[in-house]
Amino acid sequence: MTRLHEIKVPDVGNVAEIDVVEVLIQPGDIVALEQTVATLETDKASMDLPSSAAGTVQQVHIKAGDKVSEGSLIATVLANDEQVSSAQSDRPIEQASTPIASPPVEAAVSKTPEPISPPVEQPVTELLQAGIPATHKAHASPSVRLFARELGVDVVKIKTGSGRKGRILKDDVKNFVKKVMSEGVATGGAGIPGIPAVDFSLFGDTEIQKLSKIKRLTGQNLGRVLLNLPMVTYHDEADITDLEAFRNALNAEKASGELKITGLMFIIKALVAAMQQFPSFNASLSADGENLILKKYFNIGIAVDTPNGLVVPVLRNVNNKSITELAVELAEKSDKARQGKLLPADMQGGCLTISSLGGIGGMAFTPIVNAPEVAILGVTRAKMQAVWDGKEFMPRLMLPLDLTYDHRVIDGAEGARFMAVVKQNLSDIRRLLL
Ligand code: CAO
């Protein structure tokens, strides 16, 4: 038989005006016998209020912020006779129109009013005398502590919660776990010890500057890539003397104020031509590491330096675009990037990335692959060098190139051959027509 059962605040000793800090049920919920339905708190302790019946919640009579005392009505439950704690009052129902969907309850039926859940780490006798179990100094109810323990979280580390007076709620535990997962590297993820915190103010004045969202996300992503990809960087240089002469002649024809062509446009084209010869560079490893997904499109990401951090807009179908079209598109996208106006779609679908520091300087660096891509090409400043041509030293403009690749997909010899083709394409751009 089913009955309307009232869950009330049991005998909690001589305490009135108990705060309701969290209500964990709502009408329609199915509760199990002894399941925590609310968290109550006095100025000395907090406690979980267990359900005295199993069934479907019909009405909830309290909300967070209310004050209750012994006998206050908490909720009404359409309960199964078999699963009601005998001490609390029930009103039989004449006609229970729908059968109760009983939750899988294993708990035995209590013969006495159910005491409030036992305290966790509770040494305070005066609170026990008052009939109220207390909790550890961190401000959280036993059920939240239990939940935290199940997830391996030490509630003390959460410090302050979003509940009243900084109480730690279940959502705070979930958010803490999410944060630790996403910042795994910074906090010592993958079993690697984290970097210990240092109080720098001991050594002199300091100032706190918040990292931009882009910087934080980039940092997390780069950390994840470093931990997941076995990467190798291969360094080489391309002779771009003839390319530079052609480019300068081209730019000299342009009216003042017209968009100039930088060497980067030729690097993009030379790279894509090499990718057409080496399909494994235009690929991604499947998540299970079993297959290579070969791409039939050629989209190149370009790392752009912005005041808020590094972003990578993607130039699509580069194989079908002219050098001038690429220059216009990159100018538009890098402007948009620097104004913080790139949309997520502008940064998706890249096949390989180029990170060019050539406008700034440098001799070489080791860029980090923009996974799930399999390689990234780093470029630093071209420099005039004396190059031996077999007979004499000739002044040649040499462009340093750094190719980092995912060694699970690309072997060292393949990387070197790929770079040889990129170099050839740059040294003699007529090859790009082939
Ligand atoms: N060698 C010599 N000169 C170079 C060069 C190179 N490798 N690359 C560019 N230059 C020259 C250009 O020709 C241009 O010269 P002029 O002023 O005489 O025309 C000047 O440097 C500035 O070029 P640029 O940087 O404005 O243009 P770009 O097409 O080469 O690059 C872009 C565009 C968006 C990639 C670049 O502006 C940028 O943001 N680079 C930074 C990328 C970055 O931060 N990477 C690091 C990622 S890892 O943390």
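The values are calculated or read from the model by the stated rules, or taken from the named source; none is laboratory data. These numbers were taken from a predicted model, which means no experiment stands behind them. Methodologically, a virtual Cβ is constructed for each residue, glycine included, from the backbone with ideal geometry; neighbour enumeration extends over all protein chains shown. Ligands, DNA and RNA are excluded from the accessible area calculation, which covers all protein heavy atoms including side chains. Shrake-Rupley method; radii C 1.70, N 1.55, O 1.52, S 1.80 Å.
Details
- Between T160 and R316, the distance separating the two model label sites (each 7 Å from Cα on the Cα→Cβ line) works out to 4.6 nm.
- Under-5 Å amide H pairs with Q59, H placed in peptide plane, nonlocal only: T76
- Solvent-accessible area per residue in the stretch 336-424 equals 50 Å², computed with a 1.4 angstrom probe and all protein chains kept.
- Difference of contour (0.36 nm per residue) and Cα-Cα distance, R149 to L259: 33.5 nm
- HN-Hα J in Hz across the stretch 408-423 - Karplus 6.51, -1.76, 1.60, θ = phi - 60°, x for Gly and Pro: 6, 9, 10, 7, x, 5, 5, x, 5, 5, 4, 5, 4, 6, 4, 4
- Surrounding net charge for V272, when Lys and Arg each add one and Asp and Glu each subtract one, Cβ distance under 15 Å: +4
- On the stretch 137-275, 58 percent of the accessible area sits on carbon and sulfur atoms, based on a 1.4 Å probe.
- Between the amide H of G378 and those of S355, D402, L403, T404, distances stay under 5 Å, these residues lying 5 or more places away or on another chain, with hydrogens modeled in the peptide plane.
- Inter-probe distance in nm under a simple model that places probes 7 Å from Cα toward Cβ, at I208 and M347: 2.5
- The stretch 1-83, accessible surface, carbon-and-sulfur percent (1.4 angstrom probe): 41
- Relative contact order (%) - criterion: Cα under 8 Å, at least six apart; region: the stretch 330-434: 19
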